[in-house]
1. Please list log₁₀ I(q)/I(0) at q = 0.11, 0.12, 0.16 Å⁻¹ for the chain, using the Debye equation with identical point scatterers on the alpha-carbon positions.
2. For the stretch 1-68, what does the alpha-carbon gyration tensor say about shape, rounded, prolate or oblate, given a ≥ b ≥ c as the root eigenvalues, a/c under 1.5 as rounded, and a/b over b/c as prolate?
3. Roughly how much of VAL253 is accessible, in Å² to the nearest 10, using a 1.4 Å probe?
4. Of SER270, LEU229, GLY67, which is farthest on the positive side of the dipole of the chain, counting Cα position, with +1 on Lys and Arg Cβ, -1 on Asp and Glu Cβ, and the Cα centre as origin?
5. In a Gaussian network model over the chain where Cα atoms closer than 10 Å are linked, find which of PHE224, PHE262, PHE157 has the largest mean-square fluctuation.
6. Pop out the ³J(HN,Hα) list for the stretch 8-18 in order, Karplus 6.51 cos²θ - 1.76 cosθ + 1.60 with θ = phi - 60°, rounded to Hz; leave Gly and Pro as x.
7. Taking the Cα centre of the chain as origin and charging only Cβ (+1 Lys, Arg; -1 Asp, Glu), how large is the dipole, in debye to the nearest 20?
8. When only the heavy atoms of the protein chains count and the probe is 1.4 Å, how do SER91, SER270, SER25 rank by accessible area, highest first?
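The values are calculated or read from the model by the stated rules, or taken from the named source; none is laboratory data. For clarity, every value in this text was computed on a predicted model and none was experimentally measured. Cβ atoms come from the backbone with ideal geometry, glycine included; neighbour counts cover every protein chain shown. These accessible areas exclude ligands, DNA and RNA; they are computed on the full protein's heavy atoms, side chains included. Shrake-Rupley method; radii C 1.70, N 1.55, O 1.52, S 1.80 Å.
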Amino acid sequence: MTVLLAIMMVVALGTWIPLTQLTPSTPERTRILYVAVGNVVLAVAALLVTGGRLELGWRTFWLPLLGGVVWAAGNYCVLRATRLIGLARASGTWTPLNIVVAFAWGGLLFGELAGFSGLQVGVLVAGFVAVVAGVLLIAGARDESTGQPTRARGSGFLWAGAAGILWGSYFIPAQWAGVPAQVSNVPLALGILLGAVVLCLPAREPVRLGLRPAATLLGAGLLFGVGNLALLGLVARVGAGAGFTIAQLSLAVNAGIGIWFFRVPRPGTSQARRVLTGVVIAGLGGGAIAALR
């Protein structure tokens, strides 16, 4: 079951962002709003199918809701960072930081490293380093100069750092709630929707979309919901640090789609080979971490 959850999570989280890129003329905040709606639909459906019961306690509802707002705030930081320094540099900054923050929370709040032997700690550290190295190879291979002045680049890295802290923390309240993933995922999804609405209001960008782009973005939201639900289930089994590190393998799926579907970078180029090398290295590291539990 753990392996199945990991595969579902990596595939779903690796495909929802490329799916949103099929609507390039849609404003970014509007995309986030539709994705958030699709995520809520999936979360509610999963709760109904499994017969779970939602309770409005501070720990079972309001904490996961806060986590959703944190995710939306992290997404705003992502937008600012990407605009200032480009997606490759920004993701190469926030992704490793995501992993570090998740491991820190797991160790501090849940004692996830307690009872590990020296060999297990060594494998964990080696796997962690491999995932970070692979992610950086993938991100660096897609790097392009943004032409931004030094001050703007510095601000961009600060926004990316904030995104790393927030995205490495958003699922912790849901884990702390100590309820089944399908239960905590509902308030988490509602918090994401609340944050998406708050982002959209001051922008005054068009929200109504045609049938095709709306369906595409809602579908992306459903995929994100599947990945998020699988992440919560996986974290409950292997811990926050290990679960979130494995989740970063979704960047490998994203990169593969970029090469063979969007052809960025073009297949057969040195950049594409660098991406594929990063995929292999990160995959080996993630597999090592998954094998510890």
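1. -0.62, -0.75, -1.38
2. Details: a/c = 2.27, a/b = 1.38, b/c = 1.65.
Oblate, because a/c is 1.5 or more while a/b does not exceed b/c.
3. 40
4. Most positive-ward Cα: SER270.
5. Result for the chain, Cα springs under 10 Å: PHE262 fluctuates most.
6. With the stated coefficients, the stretch 8-18 comes to 4, 4, 5, 5, 5, 5, x, 10, 5, 5, x Hz.
7. Result for the chain is approximately 600 debye, rounded to the nearest 20.
8. SER25, SER270, SER91
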